[in-house]
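Colleague: Right, I'll just put the structure down here and ask away after.
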Amino acid sequence: MADASLAEGHPRVGLFVTCLVDLMRPSVGFAAVKLLERAGCRVEVPQAQTCCGQPAYNSGDRADTRAIAEQTIKAFEGFDYVVAPSGSCAAMIREHYPSLFEKDAQMQAAAEDLAGRTWELVSFLTDVRGLARVDSRFEGKVTYHDSCSGLRELGVQAQPRKLLGTIAGVELTEMVEHDVCCGFGGTFCVKYPDISNKIVTSKTDNIIATGAGTLLAGDLGCLMNMAGKLQRRGADVEVRHVAEVLADMIDQPPIGEAGAGGAAGEGSD
């Protein structure tokens, strides 16, 4: 733990980029860096980081999940905080890593140490760094989807709405059942595509009913799932990660459009 940097008010933060951001929407990672630096953090992106292990964990593969967790623990040694632009990945580290090492006291202690230093991006900005407003502008009506892991495992709900309320030009309109799953669920949409499709159909009904021109959320998996469904329905709704709007970095095409991150769930209809 770098106590000196904490004392100086400029914590050393390791950015956990996440697989989807790295491969599908790097602009979310750059937006996260911008927001963290604005909040006074010294940001580094460890090159040795890999997946958080959630796909293997959800598939019951504990051996490979432990190997991935060990790699992550090692990659983020020495940082004051670890921050991810994803409630899902942050929750995997915080809520599930320690239970992977119940028969190894030393590794369990290391996992608990990492868990205690790991945060979802917007929660970290508001709850840890005390960020009360952002200097950004975004014209139009938006609606916000609460991703399951961030909401139910980390308590992320008021934080993004608090910061969105400070952006010039934004009109936030809540959808019906904004805190209900979008149907993605990682491997859930692969194991149960028919159920997943029904859930995302209901979710996009609620999004369209708001009349909002932009859908925001904090997890790229959910966003890609909903973007794919909205596109196939011909809905005129742009989809973006909330970090891009908070950081005033909306030069990239919306998620799922040509030249941007691809939409998911193409085979779910």
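Colleague: Given 10 °C and 1.306 mPa s, compute D for segment 1-152 with the Stokes-Einstein relation, Rh being the Kirkwood radius over Cα pairs; round to the nearest whole µm²/s.
Modeller: This corresponds to a translational diffusion coefficient of 98 µm²/s.
Colleague: Please say if segment 118-158 is rounded, prolate or oblate, where rounded means a/c under 1.5 for a ≥ b ≥ c the square roots of the C-alpha gyration tensor eigenvalues, and otherwise the choice is prolate for a/b larger than b/c and oblate otherwise?
Modeller: Cα axes put segment 118-158 in the oblate bin.
Colleague: Okay, moving on. Ignoring ligands, DNA and RNA, what percent of the accessible area of segment 112-269 is carbon or sulfur (1.4 Å)?
Modeller: Taking all protein chains in place, segment 112-269 shows 50 percent carbon and sulfur surface.
Colleague: While we're looking at this one, here's another question. Find the Rg to Rh ratio for the chain, where Rh is the Kirkwood radius over alpha-carbon pairs and Rg uses the same atoms.
Modeller: Looking at the chain, the ratio lands at 0.96.
Colleague: So, for the chain, what is the accessible surface per residue at a probe of 1.4 Å, expressed in square angstrom?
Modeller: Value returned for the chain: 43 Å² of accessible area per residue.
Colleague: So, with +1 on the Cβ of K and R and -1 on the Cβ of D and E, and no other charges, what is the size of the charge dipole of segment 158-269 about its Cα centre, to the nearest 20 debye?
Modeller: Dipole of segment 158-269, to the nearest 20 debye: 280 debye.
Colleague: Given a Förster radius of 35 Å and the C-beta distance between T50 and R232 as r, what FRET efficiency does 1/(1 + (r/R0)^6) yield to the nearest 0.05?
Modeller: That pair, T50 with R232, gives E of 0.65.
Colleague: Here is a further query. For Cα pairs less than 8 Å apart in space and 6+ apart in sequence, what is the mean separation divided by the residue count of segment 87-162, i.e. the relative contact order in percent?
Modeller: Value for segment 87-162: 40 percent.
Colleague: Moving on to the next point. Going from most exposed to least, what order do R233, R137 have by accessible area with a 1.4 Å probe?
Modeller: So the residues, ranked largest to smallest area, are R137, R233.
Colleague: Among V28, G87, Q108, pick out the residue whose Cα is farthest towards the positive end of the charge dipole of segment 1-110, where Lys and Arg carry +1 and Asp and Glu carry -1 on C-beta, about the Cα centre.
Modeller: Checking the options against the dipole of segment 1-110, the answer is V28.
Colleague: Please give the net charge around A235, taking every other residue with its beta carbon less than 11 angstrom from that of A235, where Lys and Arg add +1 and Asp and Glu add -1.
Modeller: Combined, the nearby Lys, Arg, Asp and Glu give 0.
Colleague: Quick one: net charge around G213, please, counting Lys, Arg +1 and Asp, Glu -1 for every other residue with C-beta under 12 Å from its C-beta.
Modeller: Residues near G213 contribute -2 overall.
Colleague: Moving on to the next point. Is it possible to state the helix-based mean residue ellipticity at 222 nm for the chain, with each DSSP H run of 4+ residues giving -39500 (n - 2.57), the sum divided by total residues, to the nearest 500 deg cm²/dmol? What is it?
Modeller: The helix-only estimate for the chain comes to -12000 deg cm²/dmol at 222 nm.
Colleague: Over all directions, what mean area does the Cα convex hull of segment 156-269 project, stated in square nanometres?
Modeller: Result: a mean projected hull area of 6.9 nm².
Colleague: May I pose another question? On the protein heavy atoms, probe 1.4 angstrom, tell me the percent of accessible surface of segment 1-107 carried by carbon and sulfur.
Modeller: So the carbon and sulfur contribution to the accessible surface is 51 percent.
Colleague: Would you check the accessible area of E44, probe 1.4 Å, heavy atoms only, in square angstrom rounded to 10?
Modeller: 70 Å²
Colleague: I would also like to ask the following. Between E77 and A158, what is 0.36 nm times their sequence separation minus the Cα-Cα distance? Round to one decimal in nm.
Modeller: Gain on extension, E77 to A158, equals 26.1 nm.
Colleague: With unit charges on the beta carbons (Lys and Arg positive, Asp and Glu negative) and the dipole taken about the Cα centre of the chain, which residue among I208, V180, Q157 sits farthest to the positive side?
Modeller: The residue sitting most towards the positive pole is I208.
Colleague: Given Cβ point charges of +1 (Lys, Arg) and -1 (Asp, Glu) and nothing else, what value in debye, to the nearest 20, does the dipole of the chain about its Cα centre take?
Modeller: Taking the Cα centre of the chain as origin, the dipole is about 180 debye.
Colleague: Then there is this: For segment 86-162, what number results from the quotient of the Cα radius of gyration and 2.2 N^0.38 Å?
Modeller: Rg over 2.2 N^0.38 Å, computed on Cα atoms: 1.34.
Colleague: Take every Cα pair under 8 Å in segment 1-122 that's 6+ residues apart, average their separations, divide by the length, and report that relative contact order as a whole percent.
Modeller: Worked out over segment 1-122, it gives 28 percent.
Colleague: Could you run the Debye sum over the Cα atoms of segment 43-123, one equal point scatterer each and no solvent, and tell me log10 of I(q)/I(0) at q = 0.11, 0.13, 0.24 Å⁻¹, two decimals?
Modeller: For the requested q values the scattering log ratios are -0.24, -0.34, -1.22.
Colleague: Let me ask something else about it. Provide the net charge surrounding R42, with neighbours chosen by a C-beta distance below 10 Å and charges set as Lys +1, Arg +1, Asp -1, Glu -1.
Modeller: Once all neighbours under 10 Å are counted, the net charge is -3.
Colleague: Counting alpha carbon pairs within less than 8 Å and at least 6 residues apart, what relative contact order, in whole percent, applies to the chain?
Modeller: In percent, rounded to a whole number, it is 18.
Colleague: Given 0.36 nm per residue, what is the gain on full extension from D61 to R133 after removing their alpha carbon distance, in nm?
Modeller: Length gained between D61 and R133: 21.8 nm.
Colleague: Report, in debye and to the nearest 20, how large the dipole of segment 1-92 comes out about its Cα centre when Lys and Arg carry +1 and Asp and Glu carry -1 on their Cβ.
Modeller: Dipole size: approximately 220 debye.
Colleague: Still on this model: If one puts a single equal scatterer on every Cα of segment 18-78 and applies the Debye formula without solvent, what log₁₀ I(q)/I(0) results at q = 0.13, 0.21, 0.26, 0.28 Å⁻¹?
Modeller: -0.44, -0.92, -1.08, -1.12
Colleague: While we're on this one: How would T210, T50 rank on accessible area, largest to smallest, probe 1.4 Å?
Modeller: Final ranking, largest accessible area leading: T50, T210.
The values are calculated or read from the model by the stated rules, or taken from the named source; none is laboratory data. All values derive from a computational prediction rather than experimental measurement. Note that we place each Cβ from the backbone using ideal geometry, even for glycine, and neighbour counts take in every protein chain shown. Ligands, DNA and RNA are excluded from the accessible area calculation, which covers all protein heavy atoms including side chains. Shrake-Rupley method; radii C 1.70, N 1.55, O 1.52, S 1.80 Å.
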